[in-house]
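Notes to accompany the following structure.
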Amino acid sequence: MKPKENRENIIDVLINKAAMKQDIADYSKEVFLSFKRIIQDEIIELQKEINDKRIRLRFEEQGSYEFRLFIGSDLIVFQLHTNIFRLPDHNPLWKDKYLSSNPANGYFGIINIYNFLAESYEKNRFNDIGYLIGRVFMNHENHFMLDGQGELGAKFRDLKNNLISDDIIRQIVQKTIIYAIDFDLITPPYEIIKEVSLGQIKAISS
């Protein structure tokens, strides 16, 4: 292939794929801001009904790509990934006409949703484990799907027909909160925790 043809290919990729990815990134930021706004609104509504000061109900912003929701004994972290991803070739969605007819539909911005214990954050227990409980995928046509635990992973799977709206975001937020507060710590088997190092005890004490 001659240099001129190579250059034409580069221009074509930049105009089409690079611009498409930027469109997804811009749209994902808009959706992320909507999540932020709606979660703050939900906190206000919950605070009207809950007067118990022991129950955490607060919002913390962590820059442009992350915010945190403290609710009860849980910390829910929402993070917008700064990159755009393509579904892997083996994903069955590529067999669907929506993706096979237009491969650009298989590129997504992603919002990751994590669940931690609130005390893990407040007491700087850096070794405590959290869980990825949901991922929101958004493409250049403003379609989305949700990959997640429990009802989060069951209800919003129809990429071809799902469009994001404030009502849909509110449903996702509410179901995320319900899943997080319903997820309880399970007592570990005695055999696993019967031995402990002095370093672990000092870490717990601190």
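The values are calculated or read from the model by the stated rules, or taken from the named source; none is laboratory data. On a predicted model such as this, the values are computed, not experimentally measured, just so you know. Positions of Cβ are backbone-derived with ideal geometry, glycine not excepted, and every protein chain shown enters the neighbour counts. The protein model used for the area step is the full one, side chains on, heavy atoms only, and it has no ligands, DNA or RNA in it. Shrake-Rupley method; radii C 1.70, N 1.55, O 1.52, S 1.80 Å.
Arg68 passes every criterion in (1) assigned to a loop (DSSP other than H, G, I, E, B); (2) closer than 20 Å to Tyr121 by Cβ apart from (1).
Sort out which residues of segment 94-151 are of a type in the set (Phe, Trp, Tyr) and open to solvent by 10 Å² or more (accessible area, probe 1.4 Å), and write them in order of number. Scanning segment 94-151 gives Trp94, Tyr98, Tyr107, Tyr114, Phe116, Tyr121, Phe126, Tyr131, Phe137. Taking first residues from segment 157-168 that are buried (at least 16 other Cβ atoms within 10 Å of the Cβ) and partners that are among the hydroxyl-bearing types (Ser, Thr, Tyr), the Cβ contacts under 8 Å between residues at least 6 apart in sequence or on separate chains come to Leu159/Tyr98; Ile164/Ser34.
Of the residues making up segment 35-46, one or more are more than 24 Å from Asn162 (Cβ to Cβ), open to solvent by less than 70 Å² (accessible area, probe 1.4 Å) and modelled with pLDDT of 90 or more.
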